[in-house]
Structure formats: structure tokens, C-alpha cells
Amino acid sequence: MKTSTFDFIALLLIIIGALNWGLIGFFQFDLVATIFGGMNSWLSRIIYSLVGLAGLYSLRLFGRIDDHIPTKVD
């Protein structure tokens, strides 16, 4: 299976989102908001939106999971 550019970008955005949520959960620190000027700045909202779209895009990966699970041969 060849990985597309969109798959790579989606994975990168999902990792950024997961790390940000981890920081929020453990330390009450929103890295995206800190870097891009607050939670309501347009740059932060774009990042949050892209992370959400990446999550939606990645839902299609569930359809490909069964193709790569090895089956037991008797």
C-alpha cells in the first residue's frame, strides 16, 4: 500500500492534535493557542480546523485495516 501525501499530512496533523490534547489534559497548557495568539485567533482556529478535518479524513483508514491483518493458516 502506497502512502499518499494527504495520508502523511493527516497523520502529522493528528499527532499535533493528540500532543496538544495531552498537554491540555496533563498541564492545562494549550500549545496551539500559545504559539498562534490565543484560542480565538484566526490562526489557532485554522489549526484546530485542519486537525479536525484530518481526523475526518483518517476515518477512511478503518476500511483498510482488515486488508492488512494476517490470517491464521492451519
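Readers should treat all values here as calculations from the given coordinates under stated rules, not as data from a laboratory. Bear in mind the structure is a predicted one, so any value in this text is a computation, not a measurement. Positions of Cβ are generated from backbone atoms using ideal geometry, with glycine treated the same way; all protein chains shown enter the neighbour counts.
Using R₀ = 30 Å, calculate the FRET efficiency as 1/(1 + (r/R₀)^6) where r is the Cβ-Cβ separation of Thr3 and Leu50; round to 0.05. Provide the component values of the computation, followed by the final result.
Working: r = 19 Å, r/R0 = 0.62.
Given R0 = 30 Å and the Cβ-Cβ separation, E is 0.95.
Taking label positions 7 Å along the Cα-Cβ direction at both Asn40 and Leu19, the computed distance is 2.8 nm, reported to one decimal.
Stretching the chain fully between Phe26 and Leu12 yields a gain of 2.9 nm (0.36 nm per residue, less the alpha carbon separation).
Couplings for region 23-28, taken from phi via the Karplus curve 6.51 cos²θ - 1.76 cosθ + 1.60 with θ = phi - 60°, read 5, 5, x, 7, 10, 6 Hz in order; Gly and Pro are left as x.
Each Lys and Arg adds +1 at its Cβ and each Asp and Glu adds -1 at its Cβ; summed about the Cα centre, the chain shows a dipole of about 140 debye. In the chain, the DSSP-assigned H stretches of four residues or longer account for a calculated mean residue ellipticity at 222 nm of -21000 deg cm²/dmol, using -39500 (n - 2.57) per stretch and the full residue count as denominator. Comparing Ser44, Phe62, Leu31 along the charge dipole axis of the chain, the residue lying farthest to the positive side is Ser44, per the Cβ-charge model. Taking the Cα atoms only, what angle lies between the long axis of helix 42-58 and the longest principal axis of the chain, rounded to 10 degrees? Helix 42-58 and the main axis of the chain meet at about 10 degrees. How many percent of the alpha carbon pairs in region 14-64 exceed a separation of 18 Å? The share of Cα pairs beyond 18 Å in region 14-64 comes to 35 percent.
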